[in-house]
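Here's the structure we're looking at; comments come further down.
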């Protein structure tokens, strides 16, 4: 009879072995947790560092862009200063032989609202003859009627006024058409008409060279630049470059309108003026007399007119030393200084520098003010429409 072998239960086969435990021990688990925390901490620190670096880089880039744009904006306006659509004041016209009758006699109030009575012939003569004016934050309110326009001025900054005619003729090409209520300048090219241009809202009577076709109209442009102590909300602490333009108001009157915020983070604006006070022969200018030529036959070098080049140091207009009519008449260049700062403070940063803006120093800063990064920008602009008239071969 065949015997069947029955295997022992599995329990019996392994009865003599000790089963090994599976998983991590408490010590291993604690080591893994600690290592994980170290790696997570390192990654977090790296992320925070990169995030802070990116934030600071963004702030710096914004500050650089704001400073450069502010400088470029002002520079562009200055290059147009004194452009009157073909009209040249007779005192600055080297083709004239008579005693000029339109030499500026007084510094005009740049914020005077337009009315035919206010803007009389003398005021218009001064306005066209002095296309650039500069005041500091102290003198602008006392010397002009601009107090309601240039409000909350940043201390120790300048106010810059620039005037010119539009570089395009109204209604020609992409230039906006004439709009009722705006002020336009119409220069005459007809020799039988008065050389003085029409500067008005109507009554345009000047003509082209054929003395038949009407001369083009160019919008009168007057811009006031200054720095305000805040950007959007009073007290926000962000100094801002502002601009007020000469436009029709809500009620229809012509005047400088409330200033609009242009570029935040502009902490200071300073302007120095290059004055052309001597002729090529080194003698002082005298625009109240007829032109005196060093050689009447060639008429190349006037001895009592400027040569288009500033002499000596650039000057600043201030409450302590206001610029005279003669100085403003003879501006042929301007040096513009802008101090830009970041909009937010940088934790752990302290600005140790002193910034030189012409004759004015800013800094070193302390306290919360020192936590902002800053950079100074400077450019020198030649007033081509004035200096070009005085340049001779």
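The values are calculated or read from the model by the stated rules, or taken from the named source; none is laboratory data. Please read all numbers here as calculations on a predicted model, not as lab measurements. Methodologically, a virtual Cβ is constructed for each residue, glycine included, from the backbone with ideal geometry; neighbour enumeration extends over all protein chains shown.
Below, the figures for the structure above:
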| quantity | calculated |
| --- | --- |
| Those residues of segment 289-305 which are surrounded by fewer than 21 Cβ atoms within 10 Å (Cβ to Cβ), modelled with pLDDT of 95 or more and out of contact with any strand residue (DSSP E or B) (no Cβ under 8 Å at 6 or more places or on another chain), in sequence order | 289, 290 |
| Residue identified as surrounded by 19 or more Cβ atoms within 10 Å (Cβ to Cβ), within 27 Å of the chain's Cα centre (by Cα) and within 19 Å of residue 187 (Cα to Cα) among 129, 86 | 129 |
| Only one of 199, 262, 269, 241 that is touching a helix residue (DSSP H, G or I) at 6+ places or on another chain (Cβ under 6 Å), at pLDDT 95 or above and under 26 Å from residue 68 (Cα atoms) | 241 |
| Single residue of 264, 250, 258 found to be closer than 30 Å to residue 62 by Cβ, surrounded by fewer than 14 Cβ atoms within 10 Å (Cβ to Cβ) and either without any contact (Cβ under 8 Å) to a residue 12 or more places away in the chain or within 28 Å of the chain's Cα centre (by Cα) (or both) | 258 |
| Enumeration of residues in segment 283-303 that are within 34 Å of the chain's Cα centre (by Cα) and without any contact (Cβ under 8 Å) to a residue 60 or more places away in the chain | 284, 285, 286 |
| Count of residues meeting criterion [in a helix (DSSP H, G or I) and out of contact with any helix residue (DSSP H, G or I) (no Cβ under 7 Å at 6 or more places or on another chain)] in segment 127-161 | 7 |
| Residue satisfying condition, being surrounded by fewer than 16 Cβ atoms within 10 Å (Cβ to Cβ), outside any helix (DSSP H, G or I) and more than 24 Å from the chain's Cα centre (by Cα), within set 113, 106 | 106 |
| Residue check, residue 170 part of a loop (DSSP other than H, G, I, E, B), touching a strand residue (DSSP E or B) at 6+ places or on another chain (Cβ under 7 Å) and over 16 Å from residue 87 (Cα atoms) | yes |
| Segment 232-247, residues that are surrounded by 19 or more Cβ atoms within 10 Å (Cβ to Cβ) and not in a strand (DSSP E or B) | 238, 239 |
